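To keep things clear, I will list the structure first and then write my remarks on it.
Only the coordinates and a few stated rules stand behind these numbers; no lab work does. No experiment lies behind these values; they were computed from the predicted model shown. For neighbour counting, all protein chains shown are included, and Cβ atoms are generated from backbone atoms with ideal geometry for every residue, glycine included.
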Amino acid sequence: MPTLPILPTQEVGSLRKPYWMVEGARGGKLSEGALRELESHLQKVPFSDASSQPFIERWRKGSAAEVSPDVVREVGSLFGLRFLETAGLDLVYDGEMRRVEMYEYPIQHSSGFRFLGHVRSFDNKYYRKAACVGEVGLKAPYHLEEFSFVKDHTQRVPKVPITGAYTLADWSWNEYYLRQQPGWKGPKERRAAQREFVVDIARKIIRPTLKALVEKGAKVLQIDEPAAGTHPEETALVVESFNESTVGIDAKLVMHICFSDYNSLFPGMLEAKNCRQFLLEFANRDVEGRDGYEDLGLFEDVNDGREVGVGVLDIHRDIIETPEIVKERILKAVHRLKDPARVYVNPDCGLRTRSLDVSWQKLVNMVKGTELAREALA
């Protein structure tokens, strides 16, 4: 694995899918708007190679020849990877271009679930929500093809994001495990059923998928738990699911928890013993008159060397953070944590809520601001 510089920069999750990719997946000609976007991206991001060039040329010439969705996803994956590389990030992935959605995709690869219909997520997107109707299991490990593609096409460190067991359970209806509880289904029985549901997902779905990714060569694995902050009273269950998911996994393990009151989760989250880095958001609350990085004080007395992925870009607004603002936020984090080796630099969360142009400007400035911070520390 390549040696990382001090203050490594990294992505967190998904990028917005380009229009040319969405239209291309339907086959046939691209609209004029999608073609203009494609040309713009080709000028900015060098993602046209021997494998993607024939299909790009078809689109450019207005060919109605059928292009399989698999090929379109591969071209989109290469674009997402080159987008992050060209912006200058040290740890990269492909912007999750191949995935339908962070919940629906893993559920599609699991047994014991039945999709019941679409629900709306926070950013005006929709995904299919499922009920657990039987004992959960894994049809086949997932994310392997997309990881192998990224690994084969980058010289940088790939970091694989995967939705955690607690979130998959929390975002599903739990019918099967609740039915297994005897008698009246009161709060105690519901808690027991939910724990069994979560732990089964961790052991039977997440752990074997992580193991398969490691066998493919994955060195850094990011467990996403966006649901963790919605039920702080279940912090111990989040921790148990992480620990069960990662038993025997030989990789650097990272946990991403977004948009939470971290005071309500700590110190309980520190019991995730296999977690070497907590990847957290701060920038969206760092406004005039308020120190958005105050919660880093929770880690000041953590003496086991665990890192913090510090969010320095607000992914909810189109405001472009200047390199100087990024530098200031990084140095604030270094001061709080007392050791620059514990600080990684990233957006607050995935950038799919922003346009690709805005995401690009934000990431480029994040890299420039990190360079300024490195110079200041040197």
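In terms of modelled amide H atoms, which long-range or inter-chain residues lie less than 5 Å from the amide H of HIS256?
ILE223, ASP224, GLU225, LEU279
Pick out which of GLU96, GLU146, GLU37 has the largest mean-square fluctuation in a Gaussian network model of the chain, springs linking Cα atoms closer than 10 Å.
Checking each option, the largest mean-square fluctuation is seen for GLU37.
Testing the spin-label approximation: label points 7 Å from Cα along Cα→Cβ at LYS219 and HIS118. State their distance in nm.
4.1
Per DSSP helix of 4 or more residues, -39500 (n - 2.57); summed, then divided by the residues of the chain. What does that give at 222 nm, rounded to the nearest 500?
-11500 deg cm²/dmol
Could I have the simple spin-label model distance between SER40 and LYS185, label points 7 Å from Cα toward Cβ, reported in nm to one decimal?
Roughly 4.9 nm, to one decimal.
Residues with amide H under 5 Å of VAL157's amide H, sequence separation 5 or more or different chain, H placed in the peptide plane at 1.01 Å from N; which?
Under 5 Å from the amide H of VAL157: VAL92.
Could you work out how much longer the chain between GLU175 and ASN303 gets when fully extended? Use 0.36 nm per residue separation minus the Cα distance between them, nm to one decimal.
41.9 nm
Nearest 20 debye, what's the magnitude of the dipole of region 245-306 about its Cα centre given +1 on Lys and Arg Cβ and -1 on Asp and Glu Cβ?
The calculation lands at about 340 debye.
Along region 281-297, what does the Karplus equation 6.51 cos²θ - 1.76 cosθ + 1.60 (θ = phi - 60°) give for ³J(HN,Hα), rounded to whole Hz, x for Gly and Pro?
9, 9, 4, 5, 10, 8, 10, 4, x, 9, 8, x, 9, 4, 5, 5, x
Do any chymotrypsin sites (Phe, Trp or Tyr not before Pro) in region 169-210 lie in a loop, going by DSSP, with at most 15 other beta-carbon atoms within 10 Å of their beta carbon, and if so which?
TRP184
Efficiency by 1/(1 + (r/R0)^6): what FRET value for GLU233 and ASP318, r their Cβ-Cβ distance, R0 = 41 Å, to the nearest 0.05?
The calculated FRET efficiency here is 0.70.
Per-residue HN-Hα couplings for region 127-135, Karplus 6.51 cos²θ - 1.76 cosθ + 1.60 at θ = phi - 60°, whole Hz, x for Gly and Pro?
Once θ is set to phi - 60°, the couplings for region 127-135 become 9, 7, 9, 10, 9, 7, 10, x, 4 Hz.
Could you compute the FRET efficiency for LYS273 and GLN108, with r as their C-beta to C-beta distance and R0 at 41 Å, rounded to 0.05?
With R0 = 41 Å, the Cβ-Cβ based efficiency is 0.85.
Could you pull the Rg and Dmax for the chain, using just the Cα atoms, both in Å?
Both quantities, over Cα of the chain: 21.0, 66 Å.
List the residues whose amide H sits under 5 Å from the amide H of PHE282, counting only those 5 or more places along or on another chain, with H placed 1.01 Å from N in the peptide plane.
Long-range HN contacts for PHE282: GLY311.
In the chain, which whole DSSP H runs stretch at least 30 Å along their own axis (Cα) and average 0.0 or higher on the Kyte-Doolittle scale?
Counting only whole DSSP H runs, the qualifying helices are 356-377.
Run the simple label-point estimate for ASP49 and VAL71 please: 7 Å along Cα→C-beta, distance reported in nm.
1.8
From the backbone phi of region 174-180, what are the Karplus-calculated ³J(HN,Hα) couplings (6.51 cos²θ - 1.76 cosθ + 1.60, θ = phi - 60°) in whole Hz, Gly and Pro given as x?
9, 9, 4, 5, 5, 5, 6
So, with +1 on the Cβ of K and R and -1 on the Cβ of D and E, and no other charges, what is the size of the charge dipole of region 87-197 about its Cα centre, to the nearest 20 debye? Don't skip to the answer; put the middle values down first.
Details: 17 positive and 14 negative charges, 97 e Å.
Dipole of region 87-197, to the nearest 20 debye: 460 debye.
With +1 assigned to the C-beta of every Lys and Arg and -1 to the C-beta of every Asp and Glu, and no other charges, what is the dipole magnitude of the chain about the Cα centre in debye, to the nearest 20?
Rounded to the nearest 20 debye, it is 880 debye.
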